[in-house]
Amino acid sequence: MFTTEFLDVPALRAVQGRVRLPGSKSISNRVLLLAALSEGATRVRGLLDSDDTRVMLQALAQMGCGVRRADGRADEVLIEGLGGRAPASPTRLFLGNAGTAMRPLTAALALLGGEHELSGVARMHERPIGDLVAALRRLGCRIEELGQPGFPPLRIAEAAGVPPLALDAPVRVRGDVSSQFLTALLLALPLAAREREVTVQVEGELISRPYIHITLALLERFGVAVQRQGWERFVIPEGSRYQSPGEVLVEADASSASYFIAAGALSAPEGGEGLVIEGLGLDAVQGDIRFVEAARLMGADVQGGSGWLRARRGAWPLKAVDLDCNHIPDAAMTLAMMALYADGPSTLRNIASWRVKETDRIAAMTAELRKLGAAVEEGADFIRITPPALAGGWRAASICTYDDHRMAMCASLAAFNPAALPVRVQDPKCVAKTFPDYFETLFAAARPARAVPVICIDGPTASGKGTLAAALAARLGWHYLDSGALYRATALAARQAGVALDDEAALARLAAALPLRFEAGRVWLDGRDVSEALRSEQTGMDASALAPLPAVRAALLNLQRGMARLPGLVADGRDMGTVVFADAPLKVFLTASAETRAERRYKQLAAKGISANIARLRDDLQARDARDASRAAAPLKAAQDALALDNSCLSIEQSVQQVLDWWQDRQPF
Ligand SMILES: Nc1ncnc2c1ncn2[C@@H]1O[C@H](COP(=O)(O)OP(=O)(O)OP(=O)(O)O)[C@@H](O)[C@H]1O
Ligand SMILES: Nc1ccn([C@H]2C[C@H](O)[C@@H](COP(=O)(O)O)O2)c(=O)n1
């Protein structure tokens with residue numbers, strides 16, 4: 001997951017290949033709660049591992065359910081249900097910003113009894129729950145609002161047990177604010193239906209019906225067959241009790257799939273099979289699968305079967321639409337992004353629920369789409385988007401994401417703009433709510449519209465190149481190439497194989513097939529951790545000795561260029577800016593006085609417990625610099641367009657900030 005302050009998504013041209021998406025959030029949290037309320041143990045596979053499911057799992061564990069993660073698998077968990085036992089009490093449950101945890105847990109705990117406090121992040125305390133609380137109070141449940149009336153945090157005050165419930169009349173609940181209120185009651189009320197039938201009556205027009213469809217399908221999976229009479233009345237039969245089905249496989253998230261369907265539709269046609277999405281198909285139980293119909297209306301070419309979808313460009317530009325999106329409120333945000341590429345204004349209607357989601361999504365989308373160059377009109381329950389005029393109307397923008405995962409994922413779709421402008425996504429880690437690896441998944445499938453951006457840091461030995469480059473990569477969320485490690489690894493491999501350091505052909509063969517792996521800050525050569533051996537002074541000298549050989553340099557060239565992957569690369573070495581990435585948009589030639597460098601290397605060695613002599617170190621590094629600078633092939637020198645940075649008197653942070661400032665100066669936002 002990208003935990004950087006912002007993520008610059010380079011302009012994208014196409015997506016290709018296959019992506020596997022994480023499990024559905026709606027299904028994951030429903031299944032977890034049902035498993036917790038059931039008799040017996042349930043193995044949940046394909047579970048979404050995200051903020052919202054983590055808070056649910058934590059709450060279930062606090063309630064006294066058995067929660068055991070499968071070894072080494074974030075997407076599999078074993079839940080030992082309460083099966084009629086009372087939950088642990090008192091509890092204080094923190095539910096983040098997970099509506100799919102707050103609403104159903106409120107209802108379930110009100111019917112299970114005990115003393116429980118349910119709270120969340122600030123935004124959760126602005127998301128309505130009053131209608132559900134009112135319905136539960138009419139039943140007789142004791143619930144207190146601890147902050148604003150109608151909003152969390154809440155206290156369930158039933159330490160003395162669940163009061164007698166008023167079940168003679170139907171349980172009434174509003175259906176026009178959030179369908180989660182009805183879902184919460186449908187999940188909880190079977191706990192009260194052992195000895196009598198329970199009826200739920202919906203007041204007002206029920207929104208987001210597909211989510212109720214998921215709820216009903218999952219209730220049935222856990223042994224409770226609710227009779228639905230239209231979308232107004234739901235009857236839970238007498239004798240209902242939850243029984244674990246043993247194992248449940250969660251299908252991939254259909255709302256998450258919408259971004260990849262859209263990306264396929266925006267993708268330049270490159271002759272391939274388009275983008276294949278694995279883990280859900282046209283037969284998916286989730287309502288957002290109907291996003292496929294909407295995407296097709298806009299011209300996307302979407303095919304599918306059971307467990308797979310394939311998306312690619314159909315009509316181009318996309319066709320403008322005027323759509324009622326009540327049935328796909330979450331995925332409709334993706335349509336708003338597709339509207340930027342349409343042949344006229346598009347209107348998305350009946351989306352009032354956007355205003356009470358993670359943020360006011362109508363207001364947020366309006367503000368951010370305008371930054372991109374679109375003309376946007378917003379109403380209480382609609383948004384109308386007029387796309388930017390051809391390529392010239394697009395603007396490079398820094399998109400605010402409002403701690404809303406869908407705003408962040410949507411923003412990435414602006415990177416397909418015809419002007420080939422990059423897009424800055426603020427606070428990319430907010431995708432953790434439902435899709436922590438969203439950007440990694442997108443980048444693995446995406447083809448950039450232009451060369452992947454590279455920042456080159458070249459300079460003499462011990463000038464701090466590696467330190468600076470690694471820090472920059474971490475701040476930007478980019479990949480990092482320590483090109484010196486490749487020369488060092490070749491030298492190590494040569495020593496191990498008994499190859500002389502002047503045997504150019506044999507060294508080139510070794511370099512071309514280096515069994516090298518970079519993983520979690522360690523370097524592995526042929527399965528052996530060589531991180532320490534690689535950094536020894538002797539290995540550095542050996543690397544410098546073989547580095548002048550043209551065949552060795554040629555053998556390592558493609559390996560280095562292949563490291564330039566989305567979203568960007570910071571590369572350090574001697575010839576990054578002059579040879580390997582000669583077109584890089586930012587090149588820095590980093591220097592420090594020989595005394596400073598020798599002193600830094602001395603301290604570096606001392607920290608590792610290696611004794612050294614500063615004067616000798618200075619002589620050695622000067623000798624190495626002289627050899628690196630005087631060789632014929634790709635000598636150590638500043639590229640003509642490199643910016644010089646002498647960091648003798650700068651701290652590491654000052655150096656990093658300087659280069660970040662230079663990089664920012666080159667950005668269009
Ligand atoms: N600006 C700085 N101020 C103080 N110390 C620094 C600074 N930059 C780097 N250092 C320290 O100098 C030492 C050498 O830095 P580093 O290993 O990054 O250099 P390098 O140029 O990559 O070396 P090599 O050429 O051997 O790969 C490290 O201990 C690092 O923490
Ligand atoms: N791009 C590069 C990187 C490194 N080398 C050679 C020259 C160096 O002395 C040696 C070790 O590099 P270090 O790890 O100290 O950066 O490798 C090179 O020629 N070109």
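The values are calculated or read from the model by the stated rules, or taken from the named source; none is laboratory data. All figures in this text were calculated on a predicted structure; none of them were measured in a lab. No Cβ is skipped: glycine too gets one built from the backbone with ideal geometry, and neighbour counts run over all protein chains shown.
A few notes on this one:
- Wholly within the stretch 70-135, strands (runs of 3 or more DSSP E) carrying at least 3 residues that are more than 27 Å from Pro22 (Cβ to Cβ) and outside the structural domain of Asp330 (by TED's automatic domain parsing): 114-119
- Unique residue being out of contact with any His (no Cβ under 9 Å at 6 or more places or on another chain) and not assigned by TED's automatic domain parsing to the domain that holds Ala101 when the list is Leu48, Leu33, Leu12, Leu57: Leu12
- Taken as a whole, the structure leaves Leu348 outside the set of residues that are among the aliphatic types (A, V, I, L, M), closer than 30 Å to Leu219 by Cβ and not in a helix (DSSP H, G or I).
- Considering the stretch 396-474, the qualifying strands (runs of 3 or more DSSP E), each wholly inside and each with 3 or more residues that are within 16 Å of ligand 1 (Cβ to nearest atom) and touching a strand residue (DSSP E or B) at 6+ places or on another chain (Cβ under 9 Å), run over 454-458.
- Checking each residue in the stretch 580-595 for being within 16 Å of ligand 2 (Cβ to nearest atom) and farther than 25 Å from Leu476 by Cβ picks out only Ala594.
- Residue in the stretch 233-248 that is under 30 Å from Ala419 (Cβ atoms), within 35 Å of the chain's Cα centre (by Cα), modelled with pLDDT of 95 or more and not small (Gly, Ala, Ser) present: no
- Of the strands (runs of 3 or more DSSP E) lying entirely inside the stretch 1-67, those carrying at least 1 residues that are charged (D, E, K, R) and within 17 Å of the chain's Cα centre (by Cα) are 6-9, 17-20.
- Of residues in the stretch 626-669 being among the acidic types (Asp, Glu) and more than 16 Å from Gly466 (Cα to Cα), the one nearest to ligand 1 (Cβ to nearest atom): Asp628
- Residues satisfying the stated conditions in the stretch 611-644, i.e. outside any helix (DSSP H, G or I) and within 16 Å of ligand 2 (Cβ to nearest atom): Ala612, Arg631, Ala632, Ala633, Ala634, Pro635, Leu636, Lys637, Ala638, Ala639, Ala642
- A single entry from Ala134, Ala108 fulfils the requirement of being small (Gly, Ala, Ser), free of Cβ contacts under 8 Å to residues at least 40 places away in the same chain and under 23 Å from Val235 (Cβ atoms): Ala134.
- Residue ID - farthest from Ala598 (Cα to Cα), chosen from residues in the stretch 507-534 that are basic (Lys, Arg) and touching a strand residue (DSSP E or B) at 6+ places or on another chain (Cβ under 9 Å): Arg517
- Residue that is surrounded by the fewest Cβ atoms within 10 Å (Cβ to Cβ), among those in the stretch 530-559 that are closer than 18 Å to Leu481 by Cα, among the aliphatic types (A, V, I, L, M) and within 12 Å of ligand 1 (Cβ to nearest atom): Leu534
- Filter result (touching a residue at least 24 places away in the same chain (Cβ under 8 Å) and not in a strand (DSSP E or B)) within the stretch 143-168: Leu146, Phe151, Pro152, Pro153, Ala159, Gly161, Val162, Pro164, Leu165, Ala166, Leu167
- Among residues of the stretch 570-601 being within 10 Å of ligand 1 (Cβ to nearest atom) and acidic (Asp, Glu), the one that is surrounded by the fewest Cβ atoms within 10 Å (Cβ to Cβ) is Glu599.
- Test: residue in the stretch 317-326 that is among the basic types (Lys, Arg), surrounded by 20 or more Cβ atoms within 10 Å (Cβ to Cβ) and not in a strand (DSSP E or B): no
- Selection of the stretch 433-442 for residues being under 14 Å from Gly477 (Cβ atoms) and surrounded by fewer than 22 Cβ atoms within 10 Å (Cβ to Cβ) yields Pro436, Asp437, Glu440.
- Residue list for the stretch 613-651, filter: small (Gly, Ala, Ser) and surrounded by fewer than 17 Cβ atoms within 10 Å (Cβ to Cβ): Ala615, Ala623, Ala626, Ala629, Ser630, Ala632, Ala633, Ala644, Ser648, Ser651
- So Asp427, is it surrounded by 24 or more Cβ atoms within 10 Å (Cβ to Cβ) and touching an Asp or Glu at 6+ places or on another chain (Cβ under 8 Å): no
- Filter result (basic (Lys, Arg) and either over 27 Å from Tyr259 (Cβ atoms) or free of Cβ contacts under 8 Å to residues at least 12 places away in the same chain (or both)) within the stretch 18-53: Arg43
- Residue that is surrounded by fewer than 20 Cβ atoms within 10 Å (Cβ to Cβ) and more than 16 Å from ligand 2 (Cβ to nearest atom), where the choices are Gln604, Gln654: Gln654
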